Amino acid sequence: MPVDGHTVVVRIGGSSMDVTVIKVLTGMYSVVDHTEEKIGGSLFDRSIGKFLCEDFNRKNRCKVEENPRSYSKVLKASKSAKHNLSTLNTAECNIESLFDGMDLISNLSRPRFETLIQNDLNKIKETVQNMVTKHSAISINRVVLTGGTCKVPKVQSIISQLFPESAIVNQAPDEINSLGAASHAGMLSKFPSLHGKTELETNGTVGIPLTPSNINVRVGDTITQAVAKNTPLPYKTDIELPEGNVIVIEADGKCIAKAEVAGSDDKSKVLLHLKFWRIVVSRLSL
């Protein structure tokens with residue numbers, strides 16, 4: 001089950017990036033804010049390509065970028081170098097017969113690569129920073145990085161610095177969307193009662209039933225909050241309770257369910273399962 005709270009999803013693809021703030025509550029997700037910019041890995045390719053063209057022109061006294069076919073070869077080599085530098089410290093850029101039979105042979109280190117794309121990194125940082133500033137009152141629990149460009153170590157480092165107290169999820173950024181969708185589908189499959197009960201509203205959203213009030217569990221004089229108001233249903237929770245034989249479920253101070261269990265001197269816990277306001281209560285000895 002995902003951790004309740006707020007998560008920021010940063011997706012950086014080949015030609016665009018977006019930053020989304022998501023609220024997570026009992027496995028359900030709601031979008032708080034979203035922004036999209038035309039910033040992506042293709043900017044990195046052009047920055048590397050510009051460096052390679054300038055180096056080739058200086059050595060051979062030509063203007064290789066004016067030849068569309070040659071320039072496309074440079075961009076292809078730049079993209080390959082970018083991918084290699086995501087895992088390696090150096091990358092070779094070799095192109096045979098790039099221009100008038102002349103070859104391009106160049107080595108690119110990761111520090112040089114990070115210097116070349118510094119302006120592009122600043123654009124990414126600014127986009128994420130604007131979203132952070134806009135929602136400075138929200139505590140961000142996790143930051144999820146997705147998209148192939150997020151594999152670049154310097155991109156991960158910049159975003160991590162903007163969220164020093166948040167957990168950064170950066171494993172397999174180019175696969176995490178598929179993994180997350182499969183995980184969430186598996187979670188929903190555990191609730192067969194949902195099948196056939198969700199219909200799209202006119203605006204394309206799905207109506208989800210919520211608890212209209214706080215639900216508390218009372219044992220004697222001890223009251224424990226079990227479910228917060230507006231919690232999506234269905235919902236399960238375990239609650240540790242003190243000694244007592246009568247369990248009372250209350251909503252807004254009114255008794256909505258009551259259960260008597262066999263006497264015991266041990267502490268117990270209650271498994272509370274809400275299914276569209278049908279309440280199932282079981283008591284288990286610890």
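When restricted to residues that are part of a helix (DSSP H, G or I) and either aliphatic (A, V, I, L, M) or over 23 Å from residue 178 (Cβ atoms) (or both), region 122-159 contains 18.
If the condition is being in a helix (DSSP H, G or I) and either β-branched (Val, Ile, Thr) or touching a helix residue (DSSP H, G or I) at 6+ places or on another chain (Cβ under 9 Å) (or both), then region 84-121 contributes 85, 110, 112, 113, 114, 115, 116, 118, 119, 120, 121. Evaluated against (1) touching a Lys or Arg at 6+ places or on another chain (Cβ under 7 Å); (2) among the polar types (S, T, N, Q); (3) farther than 30 Å from residue 58 by Cβ, residue 89 falls short on exactly one condition, (3). Consider region 34-58 and keep the residues that are of a type in the set (D, E, K, R) and under 22 Å from residue 122 (Cβ atoms). The one that is most open to solvent (accessible area, probe 1.4 Å) is 38.
In summary, residue 228 fulfils each of the numbered conditions (1) out of contact with any His (no Cβ under 9 Å at 6 or more places or on another chain); (2) closer than 18 Å to residue 28 by Cα; (3) at pLDDT 65 or above; (4) open to solvent by 60 Å² or more (accessible area, probe 1.4 Å) with the single exception of condition (4). Report whether or not residue 109 is farther than 30 Å from residue 228 by Cα and surrounded by fewer than 12 Cβ atoms within 10 Å (Cβ to Cβ). Answer is no for this residue. The set of residues in region 116-158 that are surrounded by fewer than 20 Cβ atoms within 10 Å (Cβ to Cβ) and small (Gly, Ala, Ser) comprises 136, 137, 139, 148, 157.
Taking each residue of region 172-183 that is in contact (Cβ under 8 Å) with a residue 12 or more places away in the chain and looking for partners that are open to solvent by 60 Å² or more (accessible area, probe 1.4 Å) and part of a helix (DSSP H, G or I) with beta-carbon atoms closer than 8 Å, six or more apart or interchain, yields 173/151; 174/151. Within region 61-78, the presence of at least one residue that is in a helix (DSSP H, G or I), open to solvent by 10 Å² or more (accessible area, probe 1.4 Å), more than 17 Å from residue 152 (Cα to Cα) and of a type in the set (S, T, N, Q) is confirmed. Looking across 39, 48, one residue alone is in contact (Cβ under 8 Å) with a residue 40 or more places away in the chain, assigned to a loop (DSSP other than H, G, I, E, B) and of a type outside the set (Phe, Trp, Tyr). It is 39. Screening region 5-31 for residues that are under 17 Å from residue 210 (Cβ atoms) and not in a loop (DSSP other than H, G, I, E, B) and picking the one that is least open to solvent (accessible area, probe 1.4 Å) gives 24.
Among the residues of region 167-193, those that are open to solvent by 50 Å² or more (accessible area, probe 1.4 Å), modelled with pLDDT of 75 or more and in a helix (DSSP H, G or I) comprise 177, 178, 179, 181, 182, 183, 185.
The values are calculated or read from the model by the stated rules, or taken from the named source; none is laboratory data. No experiment lies behind these values; they were computed from the predicted model shown. Cβ sites come from the backbone with ideal geometry, for glycine too, and all protein chains shown count toward neighbours. Only protein heavy atoms, including side chains, enter the accessible area calculation; ligands, DNA and RNA are left aside. Shrake-Rupley method; radii C 1.70, N 1.55, O 1.52, S 1.80 Å.
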